[in-house]
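Working notes, beginning with the structure itself.
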């Protein structure tokens, strides 16, 4: 599928008669409705009001990217508007002729359609990173000119990416018999707040983070202070004594969309990647964001 397959003449608005991002979104939503791509217009507008303005970012210097998840649409729908002058948020202090995005790319997807959403954003990000595409879009004077841009037609949606395509190879892990003092030093040395704990066979058996360290060390510290040293030295406790034994892991064969949804739902920063329980690497939220925006 090519990038132009995600648009239609009715969902390309040139010129976009909007001075603010809010006005532009309303016009593009109307275009999606007129093209028969919205099942429940009222629900779509409620979804936009409920998540605005958090669900808006930029794709480089050229485009605003408002994106919404709602079952008001049966499938992913996108619309593109190109204004003659920079588009600002309502209330922004800057002058309208200041440098800023002139394009608005609206994407609306059903809540469960993560794969299509990631593929679409990545494809548009990849296209706008090419100077000839950005220049061609900004110079276009009609929907036909936009959809006829050869450089835009050349951008294809990538197939489903898997976790193994972007994961970092895990070179650092803890062993259950290590001391907490040694583990804390390793966390600090590598600038991370958590590390997996693996068995002799390489299987993930736990996770040690700064949170578990605090939970284990603070009571001993308080006892030493109040009992004049009667408590044992907590730094000599072992990793197995403090580690979390319930560990969220993902498979290297899971899709990038599944991984992104899982990390967002669980609100975790990084997660171990395993194959049949054996540690293979790890993925972070930053990795997912970089991969999504880089588009390659």
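The values are calculated or read from the model by the stated rules, or taken from the named source; none is laboratory data. Treat the numbers as computed from the prediction; the structure is a model and nothing was measured. Note: ideal-geometry Cβ built from the backbone for every residue, glycine included; neighbour counts use all protein chains shown.
Some points to look at:
- Answer from 204, 146 - the residue that is surrounded by 13 or more Cβ atoms within 10 Å (Cβ to Cβ), modelled with pLDDT of 85 or more, farther than 15 Å from residue 243 by Cα and touching a strand residue (DSSP E or B) at 6+ places or on another chain (Cβ under 7 Å): 146
- Single residue of segment 1-30 satisfying the filter (part of a loop (DSSP other than H, G, I, E, B) and surrounded by 16 or more Cβ atoms within 10 Å (Cβ to Cβ)) that is nearest to the chain's Cα centre (by Cα): 7
- Checked against (1) assigned to a loop (DSSP other than H, G, I, E, B); (2) touching a strand residue (DSSP E or B) at 6+ places or on another chain (Cβ under 9 Å); (3) at pLDDT below 85, residue 296 meets all criteria but (2).
- Segment 259-292: number of residues that are surrounded by fewer than 16 Cβ atoms within 10 Å (Cβ to Cβ), touching a residue at least 24 places away in the same chain (Cβ under 8 Å) and either farther than 16 Å from residue 174 by Cβ or in contact with a helix residue (DSSP H, G or I) (Cβ under 9 Å, 6 or more places away or on another chain) (or both): 3
- Test result for residue 89, over 23 Å from residue 126 (Cα atoms), modelled with pLDDT under 85 and either buried (at least 21 other Cβ atoms within 10 Å of the Cβ) or assigned by TED's automatic domain parsing to the domain that holds residue 114 (or both): yes
- Of the residues making up segment 237-248, at least one is surrounded by fewer than 19 Cβ atoms within 10 Å (Cβ to Cβ), in a helix (DSSP H, G or I) and more than 19 Å from the chain's Cα centre (by Cα).
- Filtering segment 184-196 to residues that are within 12 Å of residue 208 (Cα to Cα) and either assigned to a strand (DSSP E or B) or at pLDDT 90 or above (or both) leaves 184, 186, 187, 194, 195, 196.
- Residue check for residue 195: over 24 Å from residue 256 (Cβ atoms), assigned by TED's automatic domain parsing to the domain that holds residue 257 and touching a strand residue (DSSP E or B) at 6+ places or on another chain (Cβ under 7 Å): no
- Being surrounded by fewer than 19 Cβ atoms within 10 Å (Cβ to Cβ) and not assigned by TED's automatic domain parsing to the domain that holds residue 59 is a description that does not apply to residue 180.
- Qualifying residue in segment 263-280 (condition: closer than 17 Å to residue 162 by Cβ and modelled with pLDDT under 85): yes
- Meets criteria (within 19 Å of residue 209 (Cβ to Cβ), surrounded by 19 or more Cβ atoms within 10 Å (Cβ to Cβ) and modelled with pLDDT under 85) for residue 256: no
- Among the residues listed as 212, 177, 181, the single one being modelled with pLDDT of 80 or more and either at positive phi or assigned to a loop (DSSP other than H, G, I, E, B) (or both): 177
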